[in-house]
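The values are calculated or read from the model by the stated rules, or taken from the named source; none is laboratory data. Only a predicted model underlies this, so the values are computations on that prediction, with no experimental measurement involved. So basically every Cβ, Gly included, is an ideal-geometry build from the backbone, and we count neighbours across all protein chains shown.
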Amino acid sequence: MAARAAHEAAVGLPLLAARAQLAEGQALAAAGERMAAIDALTAAESVLDGFGAVRRRDEAVRELRRLGHRVVRAARTADGDPLTAREREIAELVAAGRTNRETAEQLVLSTRTIEAHLRNVYAKLGVRSRIELVRALQAAEPTRQPPR
């Protein structure tokens, strides 16, 4: 397979190896080998993201989504917070004991929007419940820098 040959030729050149892995994943997907394609594309996406190769990373993400694989990227703000400002605001309201409906009313959003933001928050923080969310926010609080 051409993708495998390109991958082997790129040993020692990590960016080229990641691009070859992307090509390998695309070839595996075209051949119907879904799990192998997901493995190759996930690895390529991670390395390409580390190099800042946004266009190639997005190509890997698109292919992964086409294969039905959910891709969650933790967006980082300047202070290292994985949550966006809106996600942080919603997470803090929920952690303070507000229901989704109360949070939606306070922020003038729909409850479905709150649910979508909470799904993203849970994925980014690696939590599965409101109690875990409270603990994660409390644990992260000392490391957050106040805005200047």
Residue pairs meeting the criteria (Cβ under 6 Å; at least 6 apart or on separate chains; first in a helix (DSSP H, G or I), in region 109-135; second of a type outside the set (D, E, K, R) and loosely packed, with under 14 Cβ neighbours inside 10 Å): Ala123/Val72; Lys124/Ala74
Near pairs, Cβ below 7 angstrom, 6+ apart or cross-chain, from region 70-94 (over 16 Å from Asp49 (Cα atoms)) to any residue that is at pLDDT below 75: Asp79/Arg144; Asp79/Gln145; Asp81/Arg144; Thr84/Ala75; Arg88/Asp81
Among the residues of region 11-38, what is the count of those that are in contact (Cβ under 8 Å) with a residue 12 or more places away in the chain, under 16 Å from Gly68 (Cα atoms) and either outside any helix (DSSP H, G or I) or not hydrophobic (A, V, I, L, M, F, W, C) (or both)? 3
Need the failing condition index for Ser110 against (1) modelled with pLDDT under 90; (2) not basic (Lys, Arg); (3) not assigned by TED's automatic domain parsing to the domain that holds Leu16, just the number. (1)
Restricting to region 72-107, count the residues that are at pLDDT below 90, part of a loop (DSSP other than H, G, I, E, B) and surrounded by fewer than 15 Cβ atoms within 10 Å (Cβ to Cβ). 9
